[in-house]
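The values are calculated or read from the model by the stated rules, or taken from the named source; none is laboratory data. Just so it is clear, the structure is predicted and the values come from calculations on it, not from any experiment. Cβ: placed from backbone, ideal geometry, glycine included. Neighbour counts: every protein chain shown. All accessible areas refer to the heavy atoms of the entire protein, side chains included, with ligands and DNA or RNA removed. Shrake-Rupley method; radii C 1.70, N 1.55, O 1.52, S 1.80 Å.
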Amino acid sequence: MDQRKRRKELSREIRKKIIDKHVKGKGYKTISKQLDVPVTTVAHIIQKFKIHGTLANLPGRGRRRKIDEKSKRRIIRMVTKEPRKTSKEIKGELQAQGTSGSDRTIRRC
């Protein structure tokens, strides 16, 4: 079993404090002790800020979703209204509204 601690992601305020302290000239260990955050986390946040210039969480790896949450809710609503509607009919309605996706993707929703 993996013995590493699972931590939640840091809030935007804490990341901003880390960057502010780094700009003022504080070291990684000092920042780590003051904010009770691991040194490696402080280092990663500062490196990411230097490279990307942002504090926001960047999207992870992996394939992007074909159908967003709004379209998924729309599909579910269509099916609950008319359960006998085929996926091809739903696909046609979604394409008229500007969303693309295969009928197989629609069936999986």
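Could you give each residue of region 54-61 its phi-based ³J(HN,Hα) in whole Hz, using Karplus coefficients 6.51, -1.76, 1.60 with θ = phi - 60°, and x for Gly or Pro?
Whole-Hz 3J(HN,Hα) from phi for region 54-61: 9, 9, 5, 6, 7, x, x, 6.
Do any trypsin sites (Lys or Arg not before Pro) in region 70-109 lie in a loop, going by DSSP, with at most 14 other beta-carbon atoms within 10 Å of their beta carbon, and if so which? All intermediate terms of the calculation are to be shown ahead of the outcome.
Working: sites: K70, K72, R73, R74, R77, K81, R84, K85, K88, K91, R104, R107, R108; in loops: R84, K85.
Those satisfying the criteria are R84, K85.
Starting from a Cα-only point model with no solvent, please compute log10 I(q)/I(0) by Debye for region 25-65 at q = 0.34 1/Å.
Rounded to two decimals, the profile gives -1.10.
Report the convex hull volume per residue for region 55-109, counting only C-alpha atoms, in Å³.
Numbers: hull volume 5.2 nm³, N = 55.
Normalising the Cα hull of region 55-109 by residue number yields 94 Å³.
Quick one: Cα convex hull volume of the chain, Å³ per residue?
On the way: hull volume 19.5 nm³, N = 109.
Dividing the Cα hull volume of the chain by its residue count gives 179 Å³.
Relative contact order for the chain using alpha-carbon pairs under 8 Å, separation at least 6, rounded to a whole percent? Let's see the in-between values first.
Working: 58 pairs, mean separation 19.6, N = 109.
Relative contact order here is 18 percent.
Just the number, please: carbon plus sulfur as a percent of the accessible area of the chain, 1.4 Å probe, no ligands or DNA/RNA counted. Mind dumping the intermediate values first?
Details: 4530 of 9310 Å².
C and S atoms contribute 49 percent here.
Rank these by accessible area, largest first, 1.4 Å probe: V79, V42. Write out the running numbers ahead of the final one.
Numbers: V79 60, V42 0 Å².
So the residues, ranked largest to smallest area, are V79, V42.
Quick one: if the Förster radius is 30 Å, what FRET efficiency do K33 and L58 give, using the C-beta to C-beta distance and rounding to 0.05? Let's see the in-between values first.
Values: r = 27 Å, r/R0 = 0.89.
Computed FRET efficiency for K33 and L58 comes out at 0.65.
Past 24 Å, Cα to Cα, is the threshold; run K8/K72; K16/K70; K17/K70; K16/K66; K16/K72; K8/K33 against it and keep the listed order. Walk me through the numbers on the way to the answer.
Working: K8/K72 28 Å; K16/K70 32 Å; K17/K70 35 Å; K16/K66 33 Å; K16/K72 35 Å; K8/K33 18 Å.
Long pairs (Cα-Cα over 24 Å): K8/K72; K16/K70; K17/K70; K16/K66; K16/K72.
Whole number in Å², please: accessible area per residue of the chain, 1.4 Å probe, ligands, DNA and RNA not counted.
Working: 9310 Å² over 109 residues.
The answer is 85 Å² per residue.
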